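The values are calculated or read from the model by the stated rules, or taken from the named source; none is laboratory data. Being a predicted model, the structure only gives us computed values, none of them experimental. Positions of Cβ are generated from backbone atoms using ideal geometry, with glycine treated the same way; all protein chains shown enter the neighbour counts.
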């Protein structure tokens, strides 16, 4: 692997993918992973192959970087098997992460709960997510040497990313994809209009 993206989903990962592609990198994001890498990841997750085989499959298809699930969850394994790889850890402030997840994954209005029920059910869930998110950031910083790590908030713009990768800064504005307010239309465009998404839809129609 040339670049390992270790950022959690909903931390500007889709914008990061777009930036890397603008800089000339071939990225396996979620749709590419589904189409080209799902079999080898399934093997690895079930203990049937080594992480080396996973990396070889990325290389076979010309991918230089991973993004999103499941690569971000196995970033450490990818890193230890890639001695020259650089790591990009996208991050957002905790409140924004929780808001993004709330809108994207749990669109119901939590205000329908009484404050007692919210304290009982909702708040502990978000507190646990905050703890996991902070632990992930600490772990990446502990493992990856400083020279090989970029902790990047997309609000900081092109400069940190381009400096880290030794690339010229593009003239175009930095992309902001998959904003929470546009989540449903983004999913439609990203997955349902992709080759693998169309194949899934065709299969569903056939089953019906």
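Within segment 60-77, if we keep just the residues that are without any contact (Cβ under 8 Å) to a residue 40 or more places away in the chain and in a helix (DSSP H, G or I), the residue that is surrounded by the most Cβ atoms within 10 Å (Cβ to Cβ) turns out to be 74. Note on segment 129-208: enclosed helices (runs of 4 or more DSSP H) holding 3 or more residues that are surrounded by 12 or more Cβ atoms within 10 Å (Cβ to Cβ) and modelled with pLDDT of 95 or more are 158-165. Only one of these is more than 22 Å from residue 165 (Cα to Cα) and crowded, with 17+ Cβ neighbours inside 10 Å: 57, 43, 35. Name it. Unique residue meeting the criteria: 57.
Residue 17: surrounded by fewer than 19 Cβ atoms within 10 Å (Cβ to Cβ) and not in a loop (DSSP other than H, G, I, E, B), yes or no? When the stated conditions are applied, residue 17 does not pass them. Under the condition of being out of contact with any helix residue (DSSP H, G or I) (no Cβ under 6 Å at 6 or more places or on another chain) and at pLDDT 95 or above, the residues counted in segment 1-17 number 5.
Looking across segment 28-62, just one residue is more than 15 Å from the chain's Cα centre (by Cα) and within 13 Å of residue 5 (Cβ to Cβ), and that is 58.
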